[in-house]
Amino acid sequence: MEKRTTPADILRSLLSQKNYSLRELDHFYRLLSKRCHPDATGGGTGEEFIKLRRVYEEASSRLLMCSEKSVRTNQFRQSGAPEAPEFGARPPGRQASRFDPLQLVREAGFDHQLPPRGCVYLGLRAFFSSGMHNHRIRTMSGLKRRNTTILRTIFHWSRLYDDDFARIFSAYSRHTLQFLSTTWEIKNYNYAKRLFLDGVHGFFSYQSTGRGGTAEVARDKFSWCSYTLSRVLKIDHPTAPLAEWFTAELDKPAQLREPE
C-alpha cells in the first residue's frame, strides 16, 4: 500500500523546491495545519500536527538564523569576498541596513564590556517592553525597523551565549496560531499568558535589583504558566519552554544592575 502523504511531507517538499520568506512559510503552515490539527479535524492524537509543527519550527529557525548570518557577513564586506546565496536571503538589489549589535546595549546605558548574557537580556527586555510578544505589534509595518533591530540583537548575542536559546526563542516569536475552541480553553490560555508576562516582569526586575524574593516570585509565575499550558490545557505551546529557560536563568547572579 502506498504511503499517504502527510501535511509535514507536503511542507517539507515545498521548502525543498525554492526559497521562501518567513511570511510565505507562515502562510503554508496555517493552510496545512487546518488539515491535521485535532481541533480542526474533530479529534485524533495530533501526531500529524506535531510533525508538521516540528518541520515549521525548524524551517523558521533556519530562516531567522540565516538572516542573522547574512548580517554578520555584511560586517566584513570590505574584504571583497563573494557572498554565497543563503536560504531565505534578500532578493538581489535590496541591501540590508547596517546592524549594530551594541545599539540596544548603549541605549540602555551599558558599555561594550557587558557579557553576551547581559546583552541577550537587554534584547529580550526591549522585546517585551516594546510589546513585541503581541503578534500584531511584531508585524506592524511602521515598526519594522525597530522590531528587526531588536530581533537581530537577540539572535546575535544568543549565539554567543546560549545557541540552543535561538531555537526556543524562534519558536516563540514565530508562533501565531492559538486553536482555542471553548471558553474554558481561552480563559486558561489567557491566564497562562498573564502568568508568563508577570514572570518576565519579575525576571527583569531581579536582573536590575538582585533581590532573591523577586526571583522566587518570578520563578513561581513561570512554573504555573508551564503547568497551565502542559497539564491543564495539555498543549505543546512554545511559551512553556521559554518559561523554563527564564526559570533556569533565574538561578544565575543578576546581570543588569543599573550602571553607576
Neighbours by Cβ (under 6 Å, 6+ apart or cross-chain): first from the range 107-118, surrounded by 15 or more Cβ atoms within 10 Å (Cβ to Cβ); second of a type in the set (Val, Ile, Thr): Leu114/Val105
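Each row is one residue, and each column tells you yes or no for (1) hydroxyl-bearing (Ser, Thr, Tyr); (2) not assigned by TED's automatic domain parsing to the domain that holds Gln113.
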position	(1), (2)
Arg152	no, no
Tyr206	yes, yes
Ala215	no, yes
Lys221	no, yes
Arg231	no, yes
Thr247	yes, yes
Ala254	no, yes
Options Ser181, Ser173; residue that is among the hydroxyl-bearing types (Ser, Thr, Tyr) and touching a Phe, Trp or Tyr at 6+ places or on another chain (Cβ under 9 Å): Ser173
Check on Leu160, without any contact (Cβ under 8 Å) to a residue 60 or more places away in the chain, in a helix (DSSP H, G or I) and touching a His at 6+ places or on another chain (Cβ under 8 Å): no
Per-region count, the range 203-256, residues closer than 18 Å to Tyr161 by Cβ, outside any helix (DSSP H, G or I) and not acidic (Asp, Glu): 6
Test for Phe196: is it in contact with a Cys (Cβ under 6 Å, 6 or more places away or on another chain) and part of a helix (DSSP H, G or I): yes
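Within the range 1-40, take every residue that is in a loop (DSSP other than H, G, I, E, B) and among the hydroxyl-bearing types (Ser, Thr, Tyr) and give me the one that is modelled with the highest pLDDT. Show your work before the answer.
Keep residues of the range 1-40 that are in a loop (DSSP other than H, G, I, E, B), which gives 1-6, 18-21, 34-37.
Cutting the leftovers down to among the hydroxyl-bearing types (Ser, Thr, Tyr) gives us 5-6, 20-21.
Values: Thr5: 83, Thr6: 86, Tyr20: 73, Ser21: 74.
Among those residues, the one meeting the criterion is Thr6.
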Criterion (in a loop (DSSP other than H, G, I, E, B), modelled with pLDDT of 80 or more and not assigned by TED's automatic domain parsing to the domain that holds Ser205) met by exactly one of Gln95, Gln113: Gln113
Scan of the range 162-187 for residues that are surrounded by fewer than 16 Cβ atoms within 10 Å (Cβ to Cβ) and aromatic (Phe, Trp, Tyr), ordered by number: Phe179, Trp184
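Does Leu102 qualify as being within 30 Å of Ala254 (Cβ to Cβ), surrounded by fewer than 18 Cβ atoms within 10 Å (Cβ to Cβ), modelled with pLDDT of 75 or more and of a type in the set (A, V, I, L, M, F, W, C)? So that I can check it myself, show each step before the final result.
Working: within 30 Å of Ala254 (Cβ to Cβ): yes; surrounded by fewer than 18 Cβ atoms within 10 Å (Cβ to Cβ): yes; modelled with pLDDT of 75 or more: yes; of a type in the set (A, V, I, L, M, F, W, C): yes.
Judged against the criteria, Leu102 is a match.
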Test: residue in the range 136-149 that is surrounded by 15 or more Cβ atoms within 10 Å (Cβ to Cβ) and either at pLDDT below 90 or closer than 17 Å to Phe196 by Cα (or both): yes
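Here is a yes/no grid of residues against (1) crowded, with 17+ Cβ neighbours inside 10 Å; (2) in contact (Cβ under 8 Å) with a residue 40 or more places away in the chain:
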{"position": "Tyr189", "(1), (2)": "yes, yes"}
{"position": "Asp198", "(1), (2)": "yes, no"}
{"position": "Glu216", "(1), (2)": "no, no"}
{"position": "Lys221", "(1), (2)": "yes, no"}
{"position": "Cys225", "(1), (2)": "yes, no"}
{"position": "Thr228", "(1), (2)": "yes, yes"}
{"position": "Pro238", "(1), (2)": "yes, yes"}
{"position": "Glu249", "(1), (2)": "yes, yes"}
{"position": "Pro253", "(1), (2)": "no, yes"}
Residue in the range 212-223 that is on the phi < 0 side of the Ramachandran plot and under 17 Å from the mean Cα position of the chain (by Cα) present: yes
Filtered residues of the range 170-201 (kept if within 16 Å of the chain's Cα centre (by Cα) and more than 26 Å from Gly213 (Cα to Cα)): Ser170, Ala171, Tyr172, Ser173, Arg174, His175, Thr176, Leu177, Gln178
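The values are calculated or read from the model by the stated rules, or taken from the named source; none is laboratory data. Just so it is clear, the model here is predicted, and its values are computed rather than measured. Neighbour counts run over all protein chains shown; Cβ positions are idealised from the backbone, glycine included.
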